[in-house]
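Every number here is computed from the coordinates shown, using simple stated rules; none is lab data. Since this is a predicted model, take the numbers as computed values, not measurements. Note: ideal-geometry Cβ built from the backbone for every residue, glycine included; neighbour counts use all protein chains shown.
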């Protein structure tokens, strides 16, 4: 029987491997990263890595799934705890953009290495991405229906706002002059200028 101590040690090793893989994929890309790179960064041999994960692709899948599930939870929680489409959109865009800055390393992997997933895993991750897009689209549509938002197409507007937030992970640097909250606030203002026509209450 596996003891609690053994399980804890195993979980810590899996976490270390995921963190090493995330850093390596963000730095070199999936195809530019070897299992030896990941194992070495995690302080183990390539052979030992296979005790915990079947392949480099499995690590990418786990990173991608966790990242998308986290984003979906963040959006749903923000919408549920904020009143009205104007405030909801401002809060969601703020959190979405700020989160892509804070977690830029993971976000780069999650958003820019999808093509490396095998078809079955890619289908699952695409379903999560569609769920995130549906939350954005539904929020914009509710603002249109209430008369608060003045845009012609909820889907296109939602895609534009999502793209702005996702791209933060590509260019943000922690040693720059803007904090994640600065970016979140600025992008929330942009979202309201796009949808409402001016900066509304946040």
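Remarks
- Relative contact order (percent, whole number), region 1-53, Cα cutoff 8 Å, 6+ residue spacing: 29 percent
- The overall shape of the chain is prolate: from the C-alpha gyration tensor, with semi-axes ordered a ≥ b ≥ c, the ratio a/c is 1.5 or greater and a/b exceeds b/c.
- Share of pairwise Cα separations in region 1-53, more than 19 Å, in percent: 28 percent
- Projected area, mean over directions - region 1-94, Cα convex hull, nm²: 8.5 nm²
- With each label modelled as a point 7 angstrom along the Cα→C-beta vector, the residue 83-residue 118 pair spans 5.1 nm.
- For the peptides 126-136, 146-156, the ranking by mean Cβ contacts within 10 Å, running from highest to lowest, is 126-136, 146-156.
- Tensor-based shape of region 79-190 (alpha-carbon gyration tensor, a/c under 1.5 rounded, otherwise prolate or oblate): oblate
- Distance from the alpha carbon centroid of region 26-64 to that of region 82-131 works out to 22 angstrom.
- Chain lengthening between residue 193 and residue 179 when straightened (0.36 nm per residue, less Cα-Cα): 2.9 nm
- Of the residues 119, 85, 46, the one that moves most in a GNM of the chain with alpha-carbon contacts below 10 Å is 119.
- Here the calculated FRET efficiency for residue 57 and residue 163, from their Cβ-Cβ distance with R0 = 30 Å, stands at 0.70, rounded to the nearest 0.05.
- Where labels lie 7 Å past Cα in the beta-carbon direction, separation of residue 170 and residue 8 in nm: 4.4 nm
- Across all directions, the shadow cast by the convex hull of region 150-197 built on its C-alpha atoms averages 3.4 square nanometres.
- For the pair residue 66 and residue 41, label points projected 7 Å from Cα toward Cβ lie 1.3 nm apart.
- The value of relative contact order for the chain, using C-alpha pairs under 8 Å at least six residues apart, is 25 percent.
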